[in-house]
Amino acid sequence: MSRLSLLTLGTALCLALPLTVSAAAVNDGFIRLEGGTVTLGSPADERQRGADEAQHSVTLSPFFVDPYEVTQADYARVMGVNPSHFKGERHPVENVTWYDAIEYCNRLSAEAGLTPVYTQEGNRVTWNRAADGYRLLTEAEWEYAARAGTSTIYYCGNQVHSDVVNFEGSYPYLIEENYVRPHNPDVVTSRFRDTTLDVGELAPNPFGLYDILGNVSEWVFDYWGEYPDEARDPTGPAAGTLRVSRGGAYNDFGKHLRSAYRSAVNPLDADQNQGFRLARNAVPMEGSVTTVYTPVITRPANPRLLVAYFSYTGNSQNAAEIIAGATGASLHEISMEHPYRGNIYEVSQRDLMQGNRPPLATRVENMDEYDVILLGYPTWWATLPMPVLGFIESYDLSGKMILPFNSHGGTMFGDSVSDLSKAAKGAYVAPGVEFHYSGGSDLDEKLYAWLLDNGIAVSR
């Protein structure tokens, strides 16, 4: 079954059980946070902030939050499976979609005698806010919990170290400016473990929450978009194609662990750095919130395909040629007027830090004729190379489907798919495929499986 076909399943996740246990009486070890009026987002002078991090104030009701990310042992007991890449009973569960996370919430609620929170009917998910069962944090609740009363970039200050947080410590905050010619003594590299850790292995934040930054990135309830106007208990946009994930993971750079950073992720995507944490109401709430998944896809039965790729060492080019050969797609190289030369980390860093879109040598003149764009690139600095971002921004891609494929040296997609999704306005970015450097001897089969999973016919 393809990922897209999951959207047609009308699955009622909510089990209509009566309210039998008071919130205060549940003995699950959750921590009560008192909420109140708090400032979220990043100030205008925070380095490497995103355009979607507008600073704003919200008022939050009290709520209970799990001090730990959901573990593999708990997930396997409730769901009957353990999809995780890094196995360990006390490791956080990962490789779960947003829909997996809400189903777990409902099953655990039923098990505990609480009222399940979510109901799914096709593309529509409704949150019964009066229910006392387990749920995901909202984005505002997550950031309030992560900041723990601080106003610095991280709860531990304006820098982060792998003794405190499990992340890609070789790339701390602001490393992009200090990688080639270090000059800032506060930018100190630390350990990269290249794996998740048992939950609670490192020290908690001041609210007593473990791994709120790093380890696995955590699904929250909200769709990604501009922060909503409501100032009390916001729940995000009513519709979208991208849910928010927060906190960064074991393989993320320091910039992606900032308390204000927002990752925009396809809710059908499951990655080995993606998990979740639970919350539940501490006081009664009223009403319900309905959200609708609205992928903007107008794909015909025989879609017209374009493979567009940017390649520096030939890895992305090789994958692009395999895909074009197997699908009959048109092939387009994203090439620069003045190609990068020399130390790629140094020369690409300048464009990244200055936000440059270097001029491109070629253009797709008939972009309107294509329904699906298969987009290939290497991960640089945990994101898209700036020529690729410039390519995406130079076309109206509304209604098109984008399938990213990616060569990397260890950080997988980084946050490039989130950055791509934010830039490709009106397009639908489907789950992609990543491979290490050249991809190895089984690259062909990996690419074919990915294409078929996304409904693209393959001729071998």
For W98, net neighbour charge (Lys/Arg +1, Asp/Glu -1) across residues whose Cβ lies under 9 Å away: -1
Backbone N within the range 40-71 under 19 Å of label point (7 Å from R32 Cα along the Cβ vector): 60-68
Heavy atoms of R129 accessible to a 1.4 Å probe, total area in Å² rounded to 10: 40
Antiparallel bridges, percent of DSSP beta bridges restricted to the range 276-390 (to nearest 5): 20
Alpha-carbon Rg/Rh ratio, for the range 274-332, with Rh computed the Kirkwood way: 1.32
Probe 1.4 Å - accessible area at S407, Å² to nearest ten: 10
Rounded to whole Å, sorted largest first: equivalent-ellipsoid semi-axes of the range 65-188, Cα gyration tensor: 35, 18, 13
Reachable lysines from K425, criterion Cα separation under 30 angstrom, eight or more residues apart if same chain: K255, K400, K446
FRET efficiency estimate (nearest 0.05) - Cβ-Cβ, R363 to S441, R0 35 angstrom: 0.50
HN-Hα J in Hz across the range 361-366 - Karplus 6.51, -1.76, 1.60, θ = phi - 60°, x for Gly and Pro: 7, 10, 9, 8, 6, 10
Rg to Rh quotient for the range 74-128, alpha carbon positions, Kirkwood Rh: 1.01
The range 195-279, relative contact order [Cα under 8 Å, separation at least 6], %: 31
Kirkwood Rh (inverse of mean 1/r, distinct Cα pairs), the range 113-154, angstrom: 12.4
Relative compactness, the range 178-280, computed as alpha-carbon Rg over 2.2 N^0.38 Å: 1.23
Solvent exposure, largest accessible area first (probe 1.4 Å, DNA, RNA and ligands not counted), of V70, V292, V81: V81, V292, V70
Simple label model, 7 Å out from Cα along Cβ direction - Y345 to L331, nm: 3.1
Reference-scaled alpha-carbon Rg (2.2 N^0.38 Å with N residues) for the range 340-460: 1.09
If the convex hull is drawn through the Cα atoms of the range 252-305, its volume per residue in Å³: 201
Alpha-carbon gyration tensor eigenvalues x 5, square-rooted, for the range 263-390, Å: 35, 23, 14
Spatial separation of Cα centroids for the range 151-179 and the range 341-393, in angstrom: 26
Phi-based couplings in Hz for the range 144-157 (Karplus 6.51, -1.76, 1.60; Gly and Pro marked x): 4, 5, 5, 5, 6, x, 9, 10, 7, 5, 10, 4, 9, x
Helical contribution to [θ] at 222 nm, DSSP H n ≥ 4, -39,500 (n - 2.57), averaged over the chain, rounded to 500: -5500 deg cm²/dmol
Of all accessible heavy-atom area on the chain, the percent that carbon and sulfur account for (1.4 Å): 49
Per-residue HN-Hα couplings for the range 368-376 [Karplus 6.51, -1.76, 1.60; θ = phi - 60°; Hz; x = Gly/Pro]: 4, 7, 9, 9, 10, 10, 9, 10, x
Shape category assigned to the range 104-255 from the gyration tensor of Cα positions, a/c cut at 1.5: prolate
Backbone N under 19 Å from the T150 label point (7 Å along Cα→Cβ), restricted to the range 200-227: 200-218
Probe 1.4 Å, accessible area per residue of the chain, Å²: 39
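The values are calculated or read from the model by the stated rules, or taken from the named source; none is laboratory data. Since this is a predicted model, take the numbers as computed values, not measurements. Cβ: placed from backbone, ideal geometry, glycine included. Neighbour counts: every protein chain shown. SASA here: full protein model, heavy atoms, side chains in, ligands and nucleic acids out. Shrake-Rupley method; radii C 1.70, N 1.55, O 1.52, S 1.80 Å.
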